[in-house]
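Chemist: Have a look at this one before I ask anything.
Every read-out reported here was derived from the displayed coordinates using simple, explicitly stated rules and does not represent laboratory data. Since we're looking at a predicted model, the values are computed, not measured. With ideal geometry, Cβ positions are generated from the backbone for all residues, glycine too; neighbour counts draw on all protein chains shown.
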Amino acid sequence: MENKWDKEFEAIWKRTSVYGATGAGSEYARENLHLPDDVRESNMDTIRFLKDNYLKAQAELEKILEAKDKTIQELNFQIEETRAHFEELRGRYQAVREKLIAQDLDTSLRLEESRKIVKEQKQAHVKETRLLQEVLERTKIEMKNLKTRIDELILERDEISGKLTQMSVEKSDLSDAVKILENKQSQAKEAVEKTLSELLSERRNKSEADKKIRELEKDVKDLQDRIQANQENWEAERRQWRELWDRERSVWETHRQEFAVWEERLRAERLALSDKMKQEEIKTVEYASGLTKLLKESSEWSEKVTQILKLYALKGVELPKVFVSAPKGEVRSIAGKTVLRIFAVTLAGILFMAGLSLWIIDYRSRVHFSLLSRHPVELENPTSIAASERGIWLADWQKGLILMDAKDLAVLKTVNGNLKEPFKPSALACQGDYVWALDMAQLRFVKIGAGDPSPSPLPPATTASAGRQGERILESVKTPGPAPQGVGFDGYNLWAFDAATGLMYKYLLTPELGVEASFAVPGVKNILSMQWVEGNLWLIDSDGYLKRFKFTDNVFKKISVQKLKQKIVSFWVDAGVLRLLEKNQANAVEIKEYKIKIYN
C-alpha cells in the first residue's frame with residue numbers, strides 16, 4: 001500500500017516539476033509547459049502540502065503500527081500468562097474436584113451413618129412413646145386417686161374450720177392469760193438481768209483478782225529466781241573467795257618454796273664461789289711463784305751479760321752496731337709516727353670489723369618473715385591462736401574454743417563457753433591431740449581432748465580432774481598467781497607466766513602436783529602470747545616486741561629482740577610457718593601466715 005502511494009506521488013511530482021523535462025517524466029513536462037506560472041506554483045504548493053500531509057500520515061501510521069506491534073506483544077504475553085493461569089486453574093480444579101469427590105464420599109458415608117442413627121432414634125422414639133403412654137395411664141390413675149383424696153381433705157377442712165371457731169374463743173381467753181404471763185416474764189427478766197449484772201461484776205472482779213494473783217505469782221517466781229540467782233552468785237563468790245584465799249596461800253607457799261630454793265641456790269653459789277676463790281688463790285700463788293722465778297732468772301742473765309760486756313771492754317773488743325744506740329730524738333720521732341699510723345689503721349679496721357660483725361650478728365639473730373596468706377576472722381573478741389595436726393584452734397572470749405580447718409578456715413567444731421560455770425579462754429597451747437587453755441574466769445588451766453565434740457561443764461579448779469581421752473575435760477590445774485598471762489608446753493612440762501610476780505613458772509611432769517620452780521625472764525613484765533619452739537621460748541610482750549630466749553642451766557638467755565609493726569593479739573609457730581592473730585587498720589582481726597627464716 002505504501003509503495004503504491006509513493007509511486008503515484010512521484011509521478012505527480014515529475015509531471016509538475018520544472019526539472020522533470022528529461023527522464024521518465026518528459027512527456028508530462030511538455031504537456032504542461034503552456035500552464036501559467038501562478039498555476040504551476042499553486043500546483044507545486046498543493047503537491048508539497050499533500051506530500052507533507054502524506055509524510056505526517058506516514059509517520060503517524062508508523063507510530064500506530066509500532067504501538068500495534070507492542071500491543072500485540074503485550075497481548076501475546078497476556079495470552080501466555082492466561083494460559084499458565086489456566087493451567088494452574090485446571091490443576092486447582094482437578095485438586096478441588098478430587099477434594100469434592102472425597103467430600104462427597106465422606107458425606108455419603110456420614111449420610112449412611114446418619115440414616116442408621118435416625119433409624120435408631122426412631123426406634124428409641126417408639127420406645128419412649130410407649131413409655132410415655134404407660135406413664136400417662138399411671139398419671140390418670142393417680143389423678144383419680146388424688147381427686148378422692150381432695151374430697152377427703154375438703155371434709156377435713158370443714159371440720160377444721162369448725163374447730164378454728166372454737167379455738168378463736170379459746171385464743172381470746174389465752175391472750176389475757178399471755179398478757180398476765182408477759183407481765184410476770186418481764187418482772188422475772190428484770191430480776192434475771194439484775195442477777196446477771198451482779199454475776200458479771202463478780203466475774204469481772206474475779207478475773208481481775210485472778211490476774212493480780214497471777215501477777216503476784218509471777219513476781220513471787222521472779223523474786224524466787226532472783227533469790228536463787230543471788231544464792232548461786234553468793235555461792236560462786238564464796239567459792240571464788242575461797243579459791244582466791246587458797247590461791248594466795250598457795251602463792252605464799254610457792255614463795256616460801258622459792259625462797260627456800262633461792263637460799264639453797266645461794267648456799268650452793270656461795271660454796272661454789274668460795275671454791276672458785278680458793279682455786280683463784282692457788283692460781284695466784286702459782287703465778288707469783290712463777291713470776292719470782294722468772295725475775296730471778298732474768299737477774300741472773302743480766303749479771304752474765306754485764307760480766308761479758310766488762311770482759312769485752314777490758315779486752316778492747318768493738319761491739320756490733322746493733323748494740324750501739326742511735327740519737328734519741330730521731331729514733332723517737334720515727335717510732336712515734338710509725339706507731340701512730342699502725343695504731344690508727346688498726347683502730348679503724350677494728351671498728352669497721354666490729355660494726356660489721358655486730359650488724360651480721362644482729363641480722364642473723366633476727367627472725368625474717370615473708371607473707372604467705374591472710375584470712376579474716378569473723379569473731380567478736382578472739383584472744384589466742386594455736387595449731388595442731390587436726391587444724392587451727394582459736395580462743396574467743398564469748399564463744400569459747402573453736403577448731404577450724406587449716407586450709408579454708410571452715411569451722412569444724414566449737415567448745416562452747418556458755419556453760420553453768422564461766423569459761424573465758426585467753427591463751428592456748430597444743431600438746432599432740434590435746435589443747436591447754438587458760439581460763440581467766442576461774443584462773444585455771446584446762447586440758448581438753450582435740451577429738452571431743454564439745455566440752456562438759458567445767459568443774460571447779462580445786463584439784464586436777466583427770467579422765468580418759470574422749471572425755472571433755474581431762475585435767476584442770478590452778479594458776480600459780482593471780483594474774484596469769486600465757487601458757488606454754490615444751491613437750492614435757494607446762495609453763496605459765498604471771499604478771500603480778502613477773503616470773504615464769506614451770507610445773508611438774510604431773511601438773512596437778514604443783515609448780516616445780518620459777519624463773520625470771522630478763523626484760524619481760526607483761527606478755528601477749530608465748531610458745532616453746534624447738535627448745536627455745538618465743539614470746540611477744542605488751543610493747544609488741546618478739547623476744548626469743550634459750551633456757552640453759554635454769555637461766556633464760558636472750559637470743560634476739562625485734563619490734564613488730566603489727567598489732568599482735570597472739571601467735572603460733574608450726575613447721576616453719578608463723579601464724580599471727582593481728583588487728584588491721586580497721587581494727588578487724590585477721591590471721592596472717594608468714595614463712596619464717598632463722599639463721600641461728
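Chemist: At what distance in angstrom do the alpha carbon centres of the range 556-600 and the range 264-282 lie from each other?
Modeler: 43 Å
Chemist: Testing the spin-label approximation: label points 7 Å from Cα along Cα→Cβ at Glu60 and Val169. State their distance in nm.
Modeler: With each label point 7 Å from Cα toward Cβ, the separation is 13.3 nm.
Chemist: Please list, in order along the range 377-394, the HN-Hα scalar couplings obtained from phi with the Karplus expression 6.51 cos²θ - 1.76 cosθ + 1.60 (θ = phi - 60°), rounded to whole Hz, x for Gly and Pro.
Modeler: With the stated coefficients, the range 377-394 comes to 10, 8, 10, 6, 9, x, 10, 7, 9, 8, 9, 8, 5, 7, x, 9, 9, 10 Hz.
Chemist: Still on this structure: Using a Förster radius of 56 Å, what is the FRET efficiency between Leu564 and Leu294 based on their Cβ-Cβ separation? Nearest 0.05, please.
Modeler: Details: r = 58 Å, r/R0 = 1.04.
With a Förster radius of 56 Å, E is 0.45.
Chemist: Another one. In nm, what is the difference between 0.36 nm times the number of residues separating Glu88 and Lys68 and their Cα-Cα distance? Please report the intermediate quantities before stating the final value.
Modeler: Values: separation 20, 0.36 × 20 = 7.20 nm, distance 2.93 nm.
Full extension of this stretch gives 4.3 nm more.
Chemist: Classify the range 367-598 as rounded, prolate or oblate from the Cα gyration tensor: take a ≥ b ≥ c as the square roots of its eigenvalues, call it rounded if a/c is under 1.5, otherwise prolate when a/b beats b/c and oblate if not.
Modeler: Working: a/c = 1.59, a/b = 1.07, b/c = 1.48.
Judged from the Cα gyration tensor, the range 367-598 comes out oblate (a/c at least 1.5, b/c at or above a/b).
Chemist: Between Glu516 and Arg364, what FRET efficiency follows from the Cβ-Cβ distance if R0 is 41 Å, with the result rounded to 0.05? Walk me through the intermediate numbers first.
Modeler: Details: r = 34 Å, r/R0 = 0.82.
Efficiency at R0 = 41 Å is approximately 0.75.
Chemist: Counting Lys and Arg as +1 and Asp and Glu as -1, what is the net charge of the other residues whose Cβ lies under 14 Å from the Cβ of Gly91?
Modeler: Here the count lands on +2.
Chemist: Here's another thing I want to ask about it. Which pairs break 19 Å Cα to Cα here: Lys563/Lys592; Lys399/Lys595; Lys424/Lys550; Lys558/Lys583?
Modeler: Working: Lys563/Lys592 17 Å; Lys399/Lys595 30 Å; Lys424/Lys550 31 Å; Lys558/Lys583 27 Å.
Going by Cα-Cα distance, Lys399/Lys595; Lys424/Lys550; Lys558/Lys583 fall outside the 19 Å limit.
Chemist: Then there is this: Set the Förster distance to 25 Å, then compute FRET efficiency between Glu269 and Gln431 from the Cβ-Cβ distance, nearest 0.05. Don't jump to the answer; show the numbers that get you there.
Modeler: Details: r = 34 Å, r/R0 = 1.38.
For R0 = 25 Å, the calculated efficiency reads 0.15.
Chemist: Further question: For a protection proxy built on the mean count of beta-carbon atoms within 10 angstrom, sort 377-384, 493-500 highest first, please. Display every interim value, and only then the final one.
Modeler: Details: 377-384: 17.0, 493-500: 20.6.
Descending packing order for the listed peptides: 493-500, 377-384.
Chemist: Simple spin-label model, 7 Å along Cα-to-Cβ: Lys278 to Glu217 in nm?
Modeler: It is 9.1 nm.
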